[in-house]
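Participant: Handing you this structure, nothing more for now.
The values are calculated or read from the model by the stated rules, or taken from the named source; none is laboratory data. Keep in mind it's a predicted model, so treat the numbers as computed, not measured. All Cβ positions, glycine included, derive from the backbone under ideal geometry; neighbour counts span all protein chains shown. For accessibility, only protein heavy atoms count, side chains too; no ligands or nucleic acids. Shrake-Rupley method; radii C 1.70, N 1.55, O 1.52, S 1.80 Å.
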Amino acid sequence: MTDFFEGIAPVRFDPNATDDLSFRHYDADEMVMGKRLEDHLRFAVAWWHSFAWPGGDPFGGQTFERPWFADVAGDTMEAAKMKADAAFEMFAILGQPYFCFHDADIRPEGADFAENTSRLDEITDLIGMRMEAGGPKLLWGTANLFSHRRYMAGAATNPDPDVFAFAAATVKTCIDATQKLGGENYVLWGGREGYETLLNTDLTREREQAGRFLSMVVEYARKIGFDGTILIEPKPQEPTKHQYDYDVATVYGFLREYGLEGEVKVNIEQGHAILAGHSFEHELALAASLGILGSIDMNRNDYQSGWDTDQFPDNVPEVARAYYEVLRAGGFTTGGTNFDAKLRRQSLDPVDLIAAHVGAMDVCARGLKAAAALLASGELEAARDARYAGWDGSDLLSSDLGAIAARVEAEGINPAPRSGRQERLENVWNRYV
Ligand code: XUL
Ligand code: CO
């Protein structure tokens, strides 16, 4: 084990704590709607932001100094192992039940596909040992098909079939690694599956490539007996000007087109929902209604900047809206709450990483508990039911325009508008949050 987080004790729940490294609201064992809070929230730490991200922005490079950023004893694999040790050191402090990774977060880039694969095997052996020794479980694994220059024009949607092949082979190894570690989901985020300009893009071809690629992923996962959930993570743009997996509605249409709507669900990220011009709760409610709600990436964007700042959540009412939709949909099954969030680049200290997660876990716990209390009260749901009560027993939807016209005339139907009661319902909401 490393001593990167030396001097930081495991985080405990203490509602009266006065320090900033205790949970005041997240008591893993608290029972909420008949389930432990830990089992509702299913928190995960994201390897990339916490351990691999160097603190750069478009105007400046690395600000964080982590011992594993340089080669250790002249060896990039030794550095990767130190990084894994530091990760499990942090997991032991936080006590969260899950983590997530991309291949590129955990192993250094090799000279070719074979070396990438052997390095992934070696590091996942080490991670597997740490997991067995009492570490958290794997919520999901994924392949980074967007950082390396070979992917600059896309992975599955690349004009060069060799890139498609390299990406497909890489995803195979990442599904293997996810299964080896008992991962509960496998995620595909198509960061460069989109275009920079239509002037050089054959949109029809690229979408077909993406459809076949996803079908191959599903076929392979089922063939090897991976019984986790396969998730697409929508995002409208960034790094591409336009990403094909724009939002939940677009992904659903895509899944239907390729007959995959029963096979693949979505991993919805707060910041991506906002970039798409929606709210987080809109994306969650729509996915639940379409039967494809899988998991969430919890974070927030700065509302002024208009880009994907991936900050830790700090807004309890917003988070409560999201968990209200998750709970209304029956809660997570294989999914969970992955903190796809990174420190600000001035937050240099190891303790900043701990404080960021502690605060975010508390914000989520407050949001979920408020949402659960409101849902259990039935107040909103009763109002919603009452609003649609006129449809109970109605045969209108199996009728036709002619018959309906005759009925409206015969019965003298003349609808009287009724209040939507929005402000009263907002008042109900605010009594709980
Ligand atoms: C990028 C993003 C990714 C995915 C996994 O915006 O959210 O980190 O979550 O590839
Ligand atoms: Co994400």
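Participant: Can you give me the relative contact order of the chain as a percent, contacts being Cα pairs under 8 Å and 6 or more apart? Please report the intermediate quantities before stating the final value.
Facilitator: Numbers: 705 pairs, mean separation 68.9, N = 433.
Averaging sequence separation for qualifying contacts and normalising by length gives 16 percent for the chain.
Participant: Could I ask something else about it? At 1.4 Å probe size, with every protein chain present, just tell me what the per residue accessible area of the chain comes to in Å².
Facilitator: Details: 20110 Å² over 433 residues.
For the chain, the solvent-accessible area averages 46 Å² per residue.
Participant: Near the amide H of Phe13, under 5 Å away, which other amide H atoms are found, from residues 5 or more places off or on another chain, if H is placed in the peptide plane?
Facilitator: Phe23
Participant: Leaving out ligands, DNA and RNA, and with a 1.4 Å probe, what % of the accessible surface on segment 383-432 is carbon or sulfur?
Facilitator: Values: 2270 of 4410 Å².
On segment 383-432, the fraction of accessible area on carbon and sulfur atoms equals 52 percent.
Participant: A further question follows. Distance between the C-alpha centers of segment 30-52 and segment 388-428? Whole Å please.
Facilitator: Segment 30-52 and segment 388-428 have Cα centres separated by 42 Å.
Participant: Another question, if that's okay. Can you tell me the length gained on complete extension of the stretch Thr204 to Asn315, counting 0.36 nm per residue apart and subtracting the Cα distance? Walk me through the numbers before you get to the answer.
Facilitator: Working: separation 111, 0.36 × 111 = 39.96 nm, distance 4.05 nm.
Going from the current span to full extension adds 35.9 nm.
Participant: Can I ask one more? In degrees, nearest 10, range 0 to 90: what is the angle between the Cα axis of helix 203-223 and the longest Cα principal axis of the chain?
Facilitator: The helix 203-223 is inclined about 80 degrees to the chain.
Participant: Note the full-extension length gain between Asn16 and Gln346 as 0.36 nm times their separation in residues minus their Cα-Cα distance, in nm to one decimal.
Facilitator: Here the segment from Asn16 to Gln346 would lengthen by 115.9 nm.
Participant: Residue by residue through segment 356-371, what is 3J(HN,Hα) from phi via Karplus (6.51 cos²θ - 1.76 cosθ + 1.60, θ = phi - 60°)? Round to whole Hz and write x for glycine and proline.
Facilitator: For segment 356-371, the Karplus-derived couplings read 4, 5, 4, x, 5, 5, 5, 4, 5, 4, 4, x, 5, 5, 5, 4 Hz, x marking Gly and Pro.
Participant: Would you tally the net charge around Ala386, using a Cβ to Cβ cut-off of less than 15 Å, leaving Ala386 out, and scoring K and R as +1, D and E as -1?
Facilitator: On the way: positive: Arg384, Arg387, Arg418, Arg421, Arg424; negative: Glu379, Glu381, Asp385, Asp392.
Local charge sum for Ala386: +1.
Participant: Per residue Cα convex hull volume for segment 53-97, in cubic angstrom?
Facilitator: Working: hull volume 4.4 nm³, N = 45.
So the per-residue Cα hull volume is 98 Å³.
Participant: Tell me which of Ala52, Gly135, Val72 sits at the most positive position along the dipole axis of segment 39-142, charges placed on C-beta atoms (Lys, Arg +1; Asp, Glu -1).
Facilitator: Value computed over the given set: Gly135.
Participant: Now for a different question. Any idea what the dipole of the chain comes to, in debye rounded to 20, about its Cα centre with Lys/Arg Cβ at +1 and Asp/Glu Cβ at -1?
Facilitator: Details: 41 positive and 68 negative charges, 146 e Å.
About 700 debye.
Participant: Sticking with this one: Relative to the longest principal Cα axis of the chain, at what angle does helix 76-94 sit, 0 to 90 degrees, rounded to 10?
Facilitator: Helix 76-94 and the main axis of the chain meet at about 50 degrees.
Participant: Still on this structure, please answer the following. Between Glu78 and His148, what FRET efficiency follows from the Cβ-Cβ distance if R0 is 30 Å, with the result rounded to 0.05?
Facilitator: Values: r = 22 Å, r/R0 = 0.73.
Step by step, r from the Cβ atoms, then E = 0.85.
Participant: Students often check this: by mean Cβ neighbours within 10 Å, which of 382-394, 241-253, 286-298 ranks highest, and how do the rest follow? Don't skip to the answer; put the middle values down first.
Facilitator: Details: 382-394: 10.3, 241-253: 19.7, 286-298: 22.0.
Per-residue mean Cβ counts within 10 Å order the peptides as 286-298, 241-253, 382-394.
Participant: Taking amide hydrogens as modeled 1.01 Å from N in the peptide plane, which residues meet the under 5 Å criterion relative to Tyr186, leaving out close sequence neighbours?
Facilitator: Here Thr229, Ile230, Leu231 satisfy the definition.
Participant: Rounded to the nearest 20 debye, what is the charge dipole size of segment 299-433 about its Cα centre when +1 sits on each Lys and Arg Cβ and -1 on each Asp and Glu Cβ? Walk me through the numbers before you get to the answer.
Facilitator: Numbers: 15 positive and 20 negative charges, 67 e Å.
For this selection, approximately 320 debye.
Participant: Here is a follow-up. Val72's amide H: which non-local residues (gap 5+, or another chain) put their own amide H closer than 5 Å, with H modeled 1.01 Å from N in plane and none for Pro or chain starts?
Facilitator: Glu78, Ala79
Participant: With the crude spin-label approximation of a point 7 Å out along Cα→Cβ, what separation in nm comes out for Val408 versus Lys35?
Facilitator: Those two pseudo-labels are separated by 4.4 nm.
Participant: Roughly how big is segment 383-432's charge dipole about its Cα centre, with Cβ charges of +1 (Lys, Arg) and -1 (Asp, Glu), in debye to the nearest 20? Before the final figure, lay out the partial values.
Facilitator: Values: 7 positive and 8 negative charges, 79 e Å.
With Lys and Arg at +1 and Asp and Glu at -1, about 380 debye.
Participant: In nanometres, what is the gap between the two model label sites at Glu219 and Glu238, each 7 Å from Cα along Cα-to-Cβ?
Facilitator: It works out to 3.6 nm between the two label points.
Participant: Further, regarding this structure: Roughly how much of Lys35 is accessible, in Å² to the nearest 10, using a 1.4 Å probe?
Facilitator: Ignoring ligands and nucleic acids, Lys35 comes out at about 60 Å².
Participant: Right, here's the next one. Averaged across orientations, what area in nm² does the convex hull of the alpha carbons in the chain project?
Facilitator: For the chain, the mean projected area of the Cα convex hull comes to 25.3 nm².
Participant: Mind checking which of Asn414, Thr333, Ala355 is farthest towards the positive end of the chain's charge dipole, using Cβ charges of +1 (Lys, Arg) and -1 (Asp, Glu) about the Cα centre?
Facilitator: Asn414
Participant: Then there's this: I'd like the carbon and sulfur percentage of the solvent accessible area for segment 31-377, probe radius 1.4 Å, heavy atoms only, ligands and nucleic acids excluded.
Facilitator: Values: 6950 of 13460 Å².
Result for segment 31-377: 52 percent of the exposed heavy-atom area is carbon or sulfur.
Participant: Of all DSSP beta bridges located in the chain, what percent are antiparallel, nearest 5? Working shown, then result.
Facilitator: On the way: 7 of 36 bridges.
Close to 20 percent.
Participant: Sort Thr309, Thr117 by heavy-atom solvent-accessible area, probe 1.4 angstrom, most to least. Display every interim value, and only then the final one.
Facilitator: Working: Thr309 10, Thr117 35 Å².
From most accessible down to least: Thr117, Thr309.
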